[in-house]
1. Length gain on complete extension for the stretch residue 21 to residue 145, per 0.36 nm per residue less the alpha carbon to alpha carbon distance?
2. Please give the length that would be gained between residue 104 and residue 62 if that part of the chain were fully extended, namely 0.36 nm times their separation in residues minus their C-alpha to C-alpha distance (nm, one decimal).
3. Between residue 168 and residue 138, what is 0.36 nm times their sequence separation minus the Cα-Cα distance? Round to one decimal in nm.
4. Can you tell me what percent of all Cα-Cα pairs in the range 100-178 are more than 21 Å apart?
5. Set the Förster distance to 22 Å, then compute FRET efficiency between residue 96 and residue 31 from the Cβ-Cβ distance, nearest 0.05.
6. Determine, from the Cβ-Cβ distance of residue 202 and residue 259 and an R0 of 41 Å, the FRET efficiency 1/(1 + (r/R0)^6), rounded to the nearest 0.05.
7. In Å, what is the Rg of the alpha-carbon atoms in the range 112-238, and how long is Dmax?
8. Using a 7 Å offset from Cα along Cα-Cβ at residue 124, what residues in the range 233-247 end up with backbone N under 19 Å from the label point?
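All of the numbers you see were taken from the coordinates with simple rules; none came from a lab. Since we're looking at a predicted model, the values are computed, not measured. Cβ sites come from the backbone with ideal geometry, for glycine too, and all protein chains shown count toward neighbours.
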């Protein structure tokens, strides 16, 4: 019941013009629209991007292989087993060509070529998580920056990129895995029992949209944090299902991204 109330509120706030289409969509050739439709279809079903777009997961990221940099025998296996490979790279190329048409106040969607990584940042959720853990951000970055300054660096990296090979603890916090879970994973303590996080007690293969996967402290000492994370991600997943129930993945992404 509570999830339903929150979801109605979500749709009321974020979809005041449900059915409205962004005018700049008309500027994209049909062929490129098809590539972007397949791209966002793939991302919504096979990555965590939707949890940041439709919920309070601060950031999400996905890294994709470049077959040209992989030995031939492995490259062939990847191409055969992952039919989404060409969809992803065609989509990234198309998005980079048209992203300037879709400005966002609330999100940053960037591609890091050096690491073949897509990053989606929910600015409001990211700022909140940075404020809540400002002591750790200052400690592990060796600076006294404000939360707003950390957010700016996160969205538009200059000296450091917190999403790429910087600090495991901070990355875990930014990905929404929780303060205690992120510290424990970074330290790999044998005292704390780390187990795979489960959003629901169901078979993931039966889900249209992926469930998040990461490690949590599961020895009974971190139940409050784990419960909060589970609530946030369950609501986000419900919102993904509602937001994309009629498909139209590219247009629905743009509606959410530019709200």
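1. Details: separation 124, 0.36 × 124 = 44.64 nm, distance 3.93 nm.
Taking 0.36 nm per residue and subtracting the Cα distance, the gain is 40.7 nm.
2. Details: separation 42, 0.36 × 42 = 15.12 nm, distance 2.01 nm.
So the extension gain works out to 13.1 nm.
3. On the way: separation 30, 0.36 × 30 = 10.80 nm, distance 1.43 nm.
9.4 nm is the gain from fully extending residue 168 to residue 138.
4. Numbers: 679 of 3081 pairs.
Beyond 21 Å sits 22 percent of the P(r) for the range 100-178.
5. On the way: r = 16 Å, r/R0 = 0.72.
E between residue 96 and residue 31, to the nearest 0.05, is 0.90.
6. Details: r = 31 Å, r/R0 = 0.75.
Efficiency for this residue pair is about 0.85.
7. Taking only Cα atoms of the range 112-238, I get Rg and Dmax of 15.3, 46 Å.
8. 233-244
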